[in-house]
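The values are calculated or read from the model by the stated rules, or taken from the named source; none is laboratory data. Only a predicted model underlies this, so the values are computations on that prediction, with no experimental measurement involved. As a convention, Cβ positions derive from the backbone with ideal geometry for all residues, glycine included, and neighbour counts pool all protein chains shown. When the accessible area is computed, the model is the full protein with side chains, heavy atoms only, and any ligands, DNA or RNA have been set aside. Shrake-Rupley method; radii C 1.70, N 1.55, O 1.52, S 1.80 Å.
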Amino acid sequence: MAEIWLLTLLGEWAGGWAVLLALAGGFVIGSLVVRHAGRRAWNRLVESAQRQARAAQAAGEGREPVDPTPEPASGRGGGEALTMAGGLLIMFPGLLSDLVGLVCVLPPGAALIRRGLRRFASADRGPVGTAYRDARAAGDGMRIHRPGGRVVPGEVVREEESPAAGSGG
């Protein structure tokens, strides 16, 4: 209802052509954002597959296998899905959906949304929290069995020097 009121107000203030141009511009900008995020996601997928192939080839040749885990993007944990969702919201006609889409696309807003979603998913309440916890445990289990895996369950025990051993020096 609020979007219709805002579009009506914009139409009365600027005219029908301005509303039509705003809707068309939102569609074009949203489609460009979705295309860019899709291309970035595709490139990450191809790079990951190439790393997996190099690791398998190195293991087959008896060389030290390289770690096939992808390098994290600088300051981003992927983020293509949120960017695509933002682009789709920008494409959807309406000023409020455009604003929400811009919040999803722009880095400060996207970081805030990611943090909130991560906090919601990591909570132990409900089926989402349980599924998130199980997925994390499965991912950690997969990394343990891979050569060069970084997650090792256990605890660290440090042997402290005894005062008598350290003073004789």
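Just checking, does segment 116-136 include any residue being among the β-branched types (Val, Ile, Thr), modelled with pLDDT of 75 or more and surrounded by 15 or more Cβ atoms within 10 Å (Cβ to Cβ)? No, segment 116-136 contains no residue that is among the β-branched types (Val, Ile, Thr), modelled with pLDDT of 75 or more and surrounded by 15 or more Cβ atoms within 10 Å (Cβ to Cβ). Scanning segment 90-110 for residues that are open to solvent by 80 Å² or more (accessible area, probe 1.4 Å), closer than 19 Å to Ile4 by Cα and not in a helix (DSSP H, G or I) gives a single hit, Phe92. Among residues of segment 105-130 that are closer than 20 Å to Ala37 by Cα and touching a residue at least 60 places away in the same chain (Cβ under 8 Å), those with a Cβ under 6 angstrom from a residue that is polar (S, T, N, Q) and part of a helix (DSSP H, G or I), sequence gap 6+ or separate chain, pair up as Val105/Thr83.
Looking only at segment 23-67, which residues are more than 26 Å from Leu95 (Cα to Cα), without any contact (Cβ under 8 Å) to a residue 24 or more places away in the chain, surrounded by 12 or more Cβ atoms within 10 Å (Cβ to Cβ) and over 21 Å from the mean Cα position of the chain (by Cα)? Arg54, Ala55, Ala56, Gln57, Ala58 - these are the residues of segment 23-67 that are more than 26 Å from Leu95 (Cα to Cα), without any contact (Cβ under 8 Å) to a residue 24 or more places away in the chain, surrounded by 12 or more Cβ atoms within 10 Å (Cβ to Cβ) and over 21 Å from the mean Cα position of the chain (by Cα). Here is a check on your reading of the model: is Arg146 of a type in the set (Lys, Arg) and at pLDDT below 70? Considered against the rule, which asks whether it is of a type in the set (Lys, Arg) and at pLDDT below 70, Arg146 comes out as yes.
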